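Notes to accompany the following structure.
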Amino acid sequence: MMDALTPHAPLDVARIREDFPILRQTVRGKPLVYLDSAASAQKPRVVIEAMRNAMETQYANVHRGLHWMSERTTDAYEAARMAVAVLMNADHPEIVFTPNSTGAINLVAHSYGRSILRPGQAVLISGMEHHSNIVPWQMLRDDKGIELRVAPITDAGELDMAAFEALLEDGKVGLVAITHMSNVLGTYTPAERIVRMAHAHGAKVLLDGSQAIVHRRVDVRALDCDFYAWTGHKLYGPTGIGVLYGKRALLDAMPPFLGGGEMISSVSYERSTWAEVPHKFEAGTPPILEGIGLKAAIDYVQAIGYEAIAAHEQALTEHALARLSPIEGLRIVGAAQDRGGVVSFTLDGAHAHDVATLLDRQGIAVRAGHHCAEPLMHRFGIDSTARASFGVYTTTEEIDALADTLVRVREFFA
């Protein structure tokens, strides 16, 4: 645990790394250098132990049981919802648990999109979206006649705000669905400005915060967004649990996305009635252990403090850009002024998969491919990149190892 740290203390990265058992191992005889946290972050011991302890000492299904084990586990599970609400400055009923960000975005697409948006209205996304924030809207477009609009991005990888506002001006956009931080470029979008513009033109706003909430504090009241989606496994928690924040009035107006147990108030053969939010959106046995693990992850991050995390990762990103930029033949994709701990790059004469494979031979884990953002790749005239992404446990020495190894990789393809 991070007992010695306060929210404003500088990060003691060596101390933090002790909390992540996996970082001690070697890969192919080399020390593990894990630079793939944007795909999925490693888990601190407190998360692992919280889930194991729940399985060993108190596990039972939640909400329906009247026995001690069920009541104790229900309390632990609902404490996770409260922890999320506190983290985001939301009210407890505004937090819906989903399997992941994809599930959260699909919930909005299928419930809000199909029941409240009307043919002739439009959904506006950006040119830097993950497939999870493209495909659900294409399905809605094809099924219901909703127009799908795409706001372009600049050569620096930033949202073209003039073009974005122009796409709002006819008043047909019912929903803006846009990333808060690009998983490829590291770009932070100006979320507060986006929300103000959208609301001024009568549109609601969904922010995909899968990357952003890992690196910066998110206050949904300050943002005034209508929906906010993110996933637990990127915030040092387990897979299998995600979050949808929605304003209470909107959630109340939306029909359930899935039907089954838990989400009902009553059932007969003639009709069913729904539970109150958030439970009407949570059909079936919920991700109990994952919720408990997510709370442990949130507590861990809160103990470190977002201010310290943001400062650490900004320094890492600046160091990475300084070390990688001079490498001959290496091109960093995106040059946003406001960016987080993600650096995507290409290397002349080498496919990203080959680069990642050679890095792996030295124990360095990076992601390679289109990163579920094929349209963004096309925008920059490439088919793939290698991507290094940083977490609370990343060190400058690991970035140096990446840079030094890339120099040798470049020589291999020269």
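The values are calculated or read from the model by the stated rules, or taken from the named source; none is laboratory data. What you see is a predicted model, and the numbers here were worked out from it, not measured in a lab. Don't worry about glycine lacking a Cβ; one is built from the backbone with ideal geometry, like all the others, and counts go over all protein chains shown.
Out of (1) within 18 Å of residue 407 (Cα to Cα); (2) without any contact (Cβ under 8 Å) to a residue 60 or more places away in the chain; (3) of a type outside the set (S, T, N, Q), the odd one out for residue 369 is which?
That leaves (1) as the condition not met.
Return a yes/no flag: does the range 59-76 have any residue that is of a type in the set (D, E, K, R), in the same structural domain as residue 129 (by TED's automatic domain parsing), at negative phi and touching a Gly at 6+ places or on another chain (Cβ under 9 Å).
Yes, the range 59-76 has at least one match.
Residues 369, 341: which one is of a type outside the set (A, V, I, L, M) and crowded, with 18+ Cβ neighbours inside 10 Å?
341
Considering only residues of the range 344-366 that are among the polar types (S, T, N, Q) and crowded, with 17+ Cβ neighbours inside 10 Å, which is nearest to residue 187 (Cα to Cα)?
Across the range 344-366, the extreme among qualifying residues is 344.
If the requirement is being surrounded by fewer than 20 Cβ atoms within 10 Å (Cβ to Cβ), of a type in the set (Gly, Ala, Ser) and farther than 30 Å from residue 265 by Cα, which of these qualifies: 320, 283, 335?
Sole residue among the options that is surrounded by fewer than 20 Cβ atoms within 10 Å (Cβ to Cβ), of a type in the set (Gly, Ala, Ser) and farther than 30 Å from residue 265 by Cα: 335.
Every residue in the range 287-319 that is more than 11 Å from residue 10 (Cα to Cα) and of a type in the set (A, V, I, L, M, F, W, C), please.
Result: 288, 289, 292, 294, 296, 297, 298, 301, 303, 315, 316.
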